[in-house]
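Below you'll find the structure, written out as structure tokens, and then a few comments.
The values are calculated or read from the model by the stated rules, or taken from the named source; none is laboratory data. Being a predicted model, the structure only gives us computed values, none of them experimental. So basically every Cβ, Gly included, is an ideal-geometry build from the backbone, and we count neighbours across all protein chains shown.
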């Protein structure tokens, strides 16, 4: 009976994936899995048990898709067969779709690893089914309060689920106290990664800092420096909880063009050069998380670095396009910290002029409450607004324009265009030399389709991308 239900679940999911693809009705990442689980609730448990070397789960607030895809890139380049929810469908229905789409009843497609990006709230349910070999945690920030509730609740969900597991390894961000605490609070073996002090750190508290107090004793944390938000070198004067010494640490990070570069220092004392074709400090953290995972899986350090250099950004993760010689970036924004990092990129790109489109929706997947926009530090754009043209779009285009006006952006620099087609056309054909589109989740996919119709994705092989000097 169990085998018959598994067969029917797989058959139904595969048929739905095919129909959705033929009809062009979205990515088909949720409905097939939802139907399959209705037919056979044990589908994920059964299929994940077939993965030869184990399941890798990536969770956290920001960077899940990028980190997960980077891990898969390294493993695939190393000759492994990898099952992955590459599109970022990270709820239990998306996980079920990924398994049902890639595997079959006869188990004729053997996979070495499954790399699964998992939503924080869905983590307990998914982890109990897939029994991961290792869990990677990127960071914890406030995100969609109307859906997740307070951040403490999200962290507790992940922590309590980890306490129920045995024999797994954790890959943890040493620079985020909310993540680093998991090693001590769960007692699980942990590998820590982080970024060393460098010229770009600051001694001032960031605008969207989440971790002010020690997670163990409640004393206010003391910081020697910040990387961004609450990431940095912290210590508790009450109980001694502090940033752990990273097993894998990025040193001397440099950014420029489409590359981010650093030296990676290992606790054993050796080091390698790491270059990734993505922009920003937050993406360097994603790369270090992926690299640390590869080392945990006993991959050669030098080969893993070479493989990571060939990574290509997923949709909306500082993805690059070319429009008649004009470089265009597409980036997902969904919470204050991620938006602030995106704004930092805008400021750095604005020399020579920049056309910017900000697309804000408030559908269920985005979060109905858009008050988080007032926690974003748009004010830093005021000082360089003479180099930037703004187009606000999406269901909440007017509210976005209002937020920019209150941030000090002059009204004549703001254009409101709710229609995505017209907004994309305006930003592409603006007078600046570069363009950047920042978009919430449900706006990302229609904007990406429109942008793809006008512009070409940057398919430059990694070895020909400009190096950071």
*Of all residues in the range 407-431, which are out of contact with any helix residue (DSSP H, G or I) (no Cβ under 7 Å at 6 or more places or on another chain), surrounded by 15 or more Cβ atoms within 10 Å (Cβ to Cβ) and part of a helix (DSSP H, G or I)?*
423, 425, 426, 427
_When you check residue 339 against the structure, is it assigned to a strand (DSSP E or B) and either over 13 Å from residue 443 (Cβ atoms) or at pLDDT 90 or above (or both), yes or no?_
no
*Restricting attention to the range 101-122, which residues are modelled with pLDDT of 95 or more and over 23 Å from the mean Cα position of the chain (by Cα)?*
111, 112
*Give the range 18-32 a look and list any residue that's modelled with pLDDT of 90 or more and closer than 12 Å to residue 99 by Cα, or say none.*
32
_Looking only at the range 70-90, filter to residues that are out of contact with any strand residue (DSSP E or B) (no Cβ under 7 Å at 6 or more places or on another chain) and assigned to a helix (DSSP H, G or I); which one of those is farthest from residue 134 (Cα to Cα)?_
77
_It is to be established whether one or more residues within the range 153-172 are in contact (Cβ under 8 Å) with a residue 40 or more places away in the chain, out of contact with any helix residue (DSSP H, G or I) (no Cβ under 7 Å at 6 or more places or on another chain) and under 23 Å from residue 286 (Cα atoms)._
no
*Could you tell me whether any residue of the range 355-376 is within 20 Å of the chain's Cα centre (by Cα), farther than 21 Å from residue 446 by Cα and not in a helix (DSSP H, G or I)?*
yes
*Pairs only if they're at least six apart or on different chains, beta carbon under 8 angstrom, first in the range 290-318 and without any contact (Cβ under 8 Å) to a residue 60 or more places away in the chain, second surrounded by 22 or more Cβ atoms within 10 Å (Cβ to Cβ) and in a strand (DSSP E or B); list them, first residue then second.*
301/264; 305/264; 305/274; 318/329; 318/330; 318/331
*Of the residues that sit in the range 98-123 and are touching a residue at least 40 places away in the same chain (Cβ under 8 Å) and part of a helix (DSSP H, G or I), which one is surrounded by the fewest Cβ atoms within 10 Å (Cβ to Cβ)?*
101
*Would you call residue 74 touching a residue at least 12 places away in the same chain (Cβ under 8 Å), in the same structural domain as residue 129 (by TED's automatic domain parsing) and crowded, with 23+ Cβ neighbours inside 10 Å?*
yes
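Yes/no matrix, rows are residues, columns are (1) in a strand (DSSP E or B); (2) outside the structural domain of residue 248 (by TED's automatic domain parsing); (3) farther than 27 Å from residue 127 by Cβ:
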site	(1), (2), (3)
165	no, no, no
183	no, no, no
190	yes, no, no
197	no, no, yes
204	no, no, yes
*Do we find a residue being more than 27 Å from residue 298 (Cα to Cα) and buried (at least 24 other Cβ atoms within 10 Å of the Cβ) anywhere in the range 186-194?*
no
_Residues satisfying the stated conditions in the range 353-406, i.e. at positive phi, out of contact with any strand residue (DSSP E or B) (no Cβ under 6 Å at 6 or more places or on another chain) and surrounded by 20 or more Cβ atoms within 10 Å (Cβ to Cβ)_ = 367
*Is it fair to say residue 58 is part of a strand (DSSP E or B) and either at pLDDT 95 or above or outside the structural domain of residue 338 (by TED's automatic domain parsing) (or both)?*
yes
